[in-house]
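Heads up, the thing below is written out as structure tokens.
The values are calculated or read from the model by the stated rules, or taken from the named source; none is laboratory data. These numbers were taken from a predicted model, which means no experiment stands behind them. Cβ placement follows ideal geometry from the backbone for every residue including glycine, while neighbour counts extend to all protein chains displayed. With ligands, DNA and RNA removed, areas are computed over all heavy atoms of the protein, side chains included. Shrake-Rupley method; radii C 1.70, N 1.55, O 1.52, S 1.80 Å.
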Amino acid sequence: MTIKLSTVTIPQQELTVSYTPDVVVIGGGATGIAAAIAAARNGADTLLIEQRGYMGGMGTAALVPAFCPYTDGEKPVIRGIGLDLMEKMKQASGDIYMSMHKDRLDWVPIDVEVLKRIYDLEVTQSGAKVLFHTFVDQVLSEGEQIQGIVISNKSGRSVVQAKLYIDATGDADMAALAGVPFHIGGEEGELQPGTMCFILSGLDKDKFDKFIQETGQGGQLPDTVTQAQQNGDLPEGRKRISGTAWLSKSVAGFNFGHVFGIDGTKAEDLTYAAIEGRKLIETQLRFLHKYVPGFENAHLVHSGDQIGIRETRRIVGDYTLVVDDFLQMRTFEDDIARNSYFIDIHLANAQSTMAIKHLPKGQSHGVPYRCMLPQGKENLIVAGRSVSSDRPVQGSLRVMPNCFAMGQAAGTAAAMAAESNTGFRGVDIRALQITLIEQGAWLGDREEAVFEVVAAGMSPTAEVKYDEEA
Ligand SMILES: Cc1cc2nc3c(=O)[nH]c(=O)nc-3n(C[C@H](O)[C@H](O)[C@H](O)COP(=O)(O)OP(=O)(O)OC[C@H]3O[C@@H](n4cnc5c(N)ncnc54)[C@H](O)[C@@H]3O)c2cc1C
């Protein structure tokens, strides 16, 4: 079958306006979940739209097996809604899970069916409405204002008109549809590969742990993977199993191997990657049966509903966070979150290497509000892995704890903008920071500075200089 690139003009259509919330959140991944909860809790009439029948994005649909670190190695950096959701998942995951992971804050395994229920409960209890099985495929824009979005679902096509729009699609779909400029991938168009994650049962963790101890190679099995690659039992590329997330002593989630050369904004690439990803799992399972003690009886119970996508669009926003900001651990006047996760760019093809750069333990940098403000639009904010950053910073910011933090900030800002009838650029940054801190977020040194301002009886909107970057 070939793709025929000709055009057809479709007849003009009159569409019903189906919803008129204050705030509409498009996408129910980590970003959108936190955004919807924050917007609703702060008083906005909020609607979350999600194409699937559950929330969680990559963490549930693509079976990404664990939450990346919430801490900088010394203390939690990501707090607020994101930390709360993760703790609620742990509590609901049962005694066996808790006996293994109760005190963990970093690389916490995702109990996917429990997490879906926690997201259902927390979002609906916040007062936000949820509309599943609904895809946004058109944005109605007039100048700097979004006038509406066209949604498509079993009920037909209709228009949602909101005051404020939050693009939490992970791919900046809305921003792209609205004509916001964006970058995609590296200079040569290279993108991080996708991974089809999966869950296995029938494992013997004790036997596996003994094997790790005896071989001294660590749980990611670099020696075993290399040996299998040399024997032709695994394809070239990723040199280890990353993120074996144990849910019990016999069940674990896996983020293993890569599918190269795919663009997650293209349906054809997603289709190819789904088929290739499932094919690769068959090979990986044969490898695990043959090479890894404790995995002889491994049984595949579930693979992702879609290939996991690490990287697509990065919008051009009012500020672009760059690698130097990361390395210098800069703080900004308008910080809405802190990030301490390392730069983690996966190889773009089987011959290249990973790009990894850690910050020192206990250190983090600020994430400015302006990164989420797309150029040319007033009532649209973009949060999550597609915010305005260079490629290395995207390789760090993209993980779920950060997405929760950015989502919480976007949702809180939306509620404030709805209340004061402004666009996102009209939001009082100091008031936003204070609300975020009061509602559990951690803004590092900024936190003390903001509270000092309040304690000194100054207006939270007063101009205060913090450091050389302010
Ligand atoms: C293989 C892999 C491994 C990873 N490992 C980790 C890890 O170990 N730990 C970690 O914390 N992070 C990890 N990440 C990163 C992390 O999972 C994602 O970057 C993160 O989930 C992004 O969150 P998000 O909410 O911005 O986007 P997503 O999770 O992609 O969510 C976007 C949501 O929007 C919906 N949507 C998109 N477009 C539309 C539309 N037009 N209409 C309606 N709905 C729409 C989607 O269905 C989806 O639910 C990994 C990612 C991958 C791919």
Quiz item: Given the conditions (1) out of contact with any Phe, Trp or Tyr (no Cβ under 8 Å at 6 or more places or on another chain); (2) open to solvent by 10 Å² or more (accessible area, probe 1.4 Å), which single one is not true for A176?
Solution: (1)
Quiz item: Counting just the residues of the range 376-399 that are within 11 Å of the ligand (Cβ to nearest atom) and outside any loop (DSSP other than H, G, I, E, B), which one comes out surrounded by the most Cβ atoms within 10 Å (Cβ to Cβ)?
Solution: V382
Exercise. Could you look through the range 287-338, keep only residues that are in a strand (DSSP E or B) and in contact with a Gly (Cβ under 8 Å, 6 or more places away or on another chain), and pick out the one that is farthest from T60 (Cα to Cα)?
Key: D335
Practice problem: Hand me the list of strands (runs of 3 or more DSSP E) wholly inside the range 123-196 holding 3 or more residues that are farther than 25 Å from A38 by Cα and within 24 Å of the chain's Cα centre (by Cα). | Solution: 182-184
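Okay, residues lined up against (1) in a loop (DSSP other than H, G, I, E, B); (2) within 16 Å of the ligand (Cβ to nearest atom); (3) open to solvent by less than 40 Å² (accessible area, probe 1.4 Å):
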{"position": "Q227", "(1), (2), (3)": "no, no, no"}
{"position": "G232", "(1), (2), (3)": "yes, no, no"}
{"position": "N255", "(1), (2), (3)": "no, yes, yes"}
{"position": "G261", "(1), (2), (3)": "yes, yes, no"}
Exercise. Find all pairs meeting these conditions: Cβ atoms under 6 angstrom apart; at least six residues apart or on different chains; first residue within the range 421-436 and of a type in the set (D, E); second residue in a loop (DSSP other than H, G, I, E, B).
Key: D428/T461
Quiz item: Considering only the range 1-54, how many residues are polar (S, T, N, Q) and within 30 Å of I336 (Cβ to Cβ)?
Solution: 5
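Per-residue answers, yes or no, for (1) within 17 Å of G127 (Cα to Cα); (2) outside the structural domain of A252 (by TED's automatic domain parsing); (3) more than 12 Å from the ligand (Cβ to nearest atom):
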residue: T7; (1), (2), (3): no, yes, yes
residue: A40; (1), (2), (3): yes, yes, yes
residue: D45; (1), (2), (3): yes, yes, yes
residue: A61; (1), (2), (3): no, yes, no
residue: D72; (1), (2), (3): no, yes, yes
residue: L83; (1), (2), (3): no, yes, yes
residue: I96; (1), (2), (3): no, yes, yes
residue: K102; (1), (2), (3): no, yes, yes
Quiz item: Do any residues in the range 351-367 that are under 20 Å from T320 (Cα atoms) have Cβ atoms under 7 Å from those of residues that are at pLDDT 85 or above and among the acidic types (D, E), where the two are at least six apart or on different chains, and which pairs are they?
Solution: S364/D72; H365/D325; G366/D335; V367/D335
Quiz item: Limited to the range 147-156, what total is found for residues that are away from the ligand (no atom under 13 Å from the Cβ) and surrounded by fewer than 17 Cβ atoms within 10 Å (Cβ to Cβ)?
Solution: 4
Quiz item: Do we have G27 as touching a strand residue (DSSP E or B) at 6+ places or on another chain (Cβ under 6 Å) and not hydrophobic (A, V, I, L, M, F, W, C) here?
Solution: no
Quiz item: Which residue pairs have Cβ atoms closer than 7 Å, lie 6 or more positions apart in sequence or on different chains, and pair a first residue in the range 18-29 that is part of a loop (DSSP other than H, G, I, E, B) with a second residue that is among the β-branched types (V, I, T) and more than 9 Å from the ligand (Cβ to nearest atom)?
Solution: P21/T46; D22/T46
Quiz item: Is one or more of the residues making up the range 306-326 free of Cβ contacts under 8 Å to residues at least 60 places away in the same chain and surrounded by fewer than 20 Cβ atoms within 10 Å (Cβ to Cβ)?
Solution: yes
Exercise. Identify, from the list I184, I241, the residue that is closer than 25 Å to I275 by Cα, touching a strand residue (DSSP E or B) at 6+ places or on another chain (Cβ under 8 Å), without any contact (Cβ under 8 Å) to a residue 24 or more places away in the chain and within 16 Å of the ligand (Cβ to nearest atom).
Key: I241
Quiz item: Hey, K207 hits all of (1) assigned to a helix (DSSP H, G or I); (2) open to solvent by less than 30 Å² (accessible area, probe 1.4 Å); (3) in contact (Cβ under 8 Å) with a residue 60 or more places away in the chain but one; which does it fall short on?
Solution: (2)
Self-check item: Positions within the range 99-146 being touching a strand residue (DSSP E or B) at 6+ places or on another chain (Cβ under 9 Å), of a type in the set (S, T, Y) and open to solvent by less than 30 Å² (accessible area, probe 1.4 Å), in sequence order
Solution: S126, T134
